[in-house]
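I have a structure here, written as structure tokens, and I will follow up with some questions on it.
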Amino acid sequence: MFRLTEYMQQLVTPTPVRKRGSGPVKPVVIWNLTRRCNLKCRHCYTVSADVEFPGELSHDQAMTTLEDLGQFRVPALILSGGEPLDRKDLFEIAARARQLVRMLALSTNGTKIHGENADRVAEIGFDYVGISIDGIGATNDWFRGVDGAFDDALRGVRECKKRGIKVGLRFTLTEGNHQHLPDLIKLCDDEGVDKFYLSHLVYAGRGDKNRGEDAEHLRTRRALDLLLERAWDAVSGGRPLDIVTGNNDADAGYFLNWAAERFEPAKVAHVREHLVAWGGNSSGLGVANIDNLGRVHPDTYWSDYTVGNVKQTPFSELWTGDDRMLELLRTRPRPLKGRCGACQLRDVCGGNTRIRALQLTGDPWAEDPACYLGNAEIGVEDAGERLQVTPFRGKRRDPAHQFF
């Protein structure tokens, strides 16, 4: 996750660069508690549906895992799905999680946050509730596969705000909904939303089958221009809005180039120090995923690679054990190839989102086709032909033996 507003604030009020301490990095854990969901989103990386999925963690297994996460002292826990409110013991899990972790968030489609559910969400004391909206009105409903989803999600936003819950909108940018971005920013301002999260499409689950709908590079650049303008308004004393982006760490490089055109070199160098300390893509290092079956992955999109299962081995042991993929993901610089390997901003973005390269080529270290920066912008003179994104057709190769 690239915290645009936070790093832009360094141009106005510089602070010392925080260095990572010694020892293993404790990750933010995104926990997909269930695959059950009342929506049918075109970009769903878990391919969720409104049915029971066998093999999901029992209540006791979930609570045991939660205790381990607390003892391991993970800095943040995000309860997700499917739709997490479709899990019957969500509030029991969340209440105990509130006692164990410093930062607790709920990732939801928002359609079920009303009445008693909204009261329970408020009682738990979530630090943040992220609600996904992928367009205004009918566009959102088409994208999410259910009529009325937009109105129900907006009701969820309002119910959270009514109860004093910090709430954010999450939006996945595609060719089919990019035109709604200005209206969604306005919606944030009109409704008093605290945070706006723009997610770039990741080729996993239904997002892989529909990857031909990924936003063109020029559209992505225009979207970032709008976010940069709105973020600058916020840090300059205008309307507050915390803006973050996810799943395309080239955003950090685009921001750095934006700053270089507008600010003196010393300020830009300071911001770059912060970005290098952050390190860009954090899959397998600062981010981890536990799926609905208890399998641990480097992030939510790496369903093809499993470190182990919390049903047999505690998460803390799996994350600190001897796993070759985690070792490579934590290497700096990573063993990147193509444009990513030659990029002069790789210390800022960390090689971007590896799963897109894996889905297109079978090689997780190939270049990320969703990088929208030109060769001159990344300091590469001749990187050859760019990877082309095409819709998924047929069965993708099993890359399990090509990781290393």
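The values are calculated or read from the model by the stated rules, or taken from the named source; none is laboratory data. These numbers come from a predicted model, not from an experiment. Reconstructed Cβ throughout: ideal geometry from the backbone, glycine too, with neighbour counts over all protein chains shown. Surface areas here come from the heavy atoms of the whole protein model, side chains and all, with no ligands, DNA or RNA. Shrake-Rupley method; radii C 1.70, N 1.55, O 1.52, S 1.80 Å.
Please report, in debye to the nearest 20, how large the charge dipole of segment 93-184 is about its Cα centre when each Lys and Arg carries +1 at its beta carbon and each Asp and Glu carries -1 there.
Here the size comes out at about 560 debye.
I'd like the Karplus ³J(HN,Hα) series for segment 82-88: coefficients 6.51, -1.76, 1.60, θ = phi - 60°, whole numbers in Hz, and an x wherever there's a Gly or Pro.
x, 9, x, 5, 7, 8, 4
Another question, then. How far is the Cα center of segment 11-41 from the Cα center of segment 77-93, in Å?
Using only Cα atoms to place each centre, the spacing works out to 18 Å.
Scan segment 60-107 for trypsin sites (Lys or Arg not before Pro) in coil per DSSP, keeping those whose Cβ has at most 10 other Cβ atoms within 10 Å, and list them by number.
Sites meeting the loop and neighbour criteria: K88, R102.
Spelling out what I want: for every residue of segment 74-81, take phi, set θ = phi - 60°, compute 6.51 cos²θ - 1.76 cosθ + 1.60 (Karplus), and round to whole Hz; glycine and proline get x.
5, x, 7, 10, 10, 8, 9, x
Right, here's the next one. Please work out the Kirkwood hydrodynamic radius for segment 157-312, using every pair of different C-alpha atoms, and report it in angstroms with one decimal place. List each step's numbers first, then the result.
Details: mean 1/r = 0.0564 Å⁻¹.
17.7 Å is the Kirkwood radius here.
Hey, any idea what % of the chain's accessible area is carbon plus sulfur with a 1.4 Å probe?
On the chain, the fraction of accessible area on carbon and sulfur atoms equals 49 percent.
Okay, moving on. Assign one of three labels to the chain, namely rounded, prolate or oblate, based on the Cα gyration tensor with a ≥ b ≥ c the square roots of its eigenvalues; rounded applies when a/c is under 1.5, prolate when it is not and a/b is larger than b/c, and oblate otherwise.
Taking the square roots of the gyration eigenvalues as a ≥ b ≥ c, the chain is rounded.
How about segment 295-386: which GluC sites (Glu not before Pro) there are in a DSSP loop, with at most 16 other Cβ atoms within 10 Å of their Cβ?
E381, E385
What trypsin sites (Lys or Arg not before Pro) does segment 239-280 have in DSSP loop regions with at most 12 other beta carbons within 10 Å?
Answer in residue order: R262.
Go ahead and set up a Gaussian network model of the chain, Cα springs under 10 Å, then flag whichever of G135, G280, G362 fluctuates most.
For the chain, modelled as a Gaussian network with Cα springs under 10 Å, the answer is G362.
In square angstrom, what is the accessible area per residue of the chain with a 1.4 angstrom probe?
On a per-residue basis, 42 Å².
Among bridges DSSP assigns within segment 4-331, what percent are antiparallel (round to 5)?
Counting DSSP beta bridges with both partners in segment 4-331, the antiparallel share is about 15 percent.
From Cα pairs below 8 angstrom and at least 6 apart in sequence, can you work out the relative contact order of the chain, rounded to a whole percent?
So the answer I get is 19 percent.
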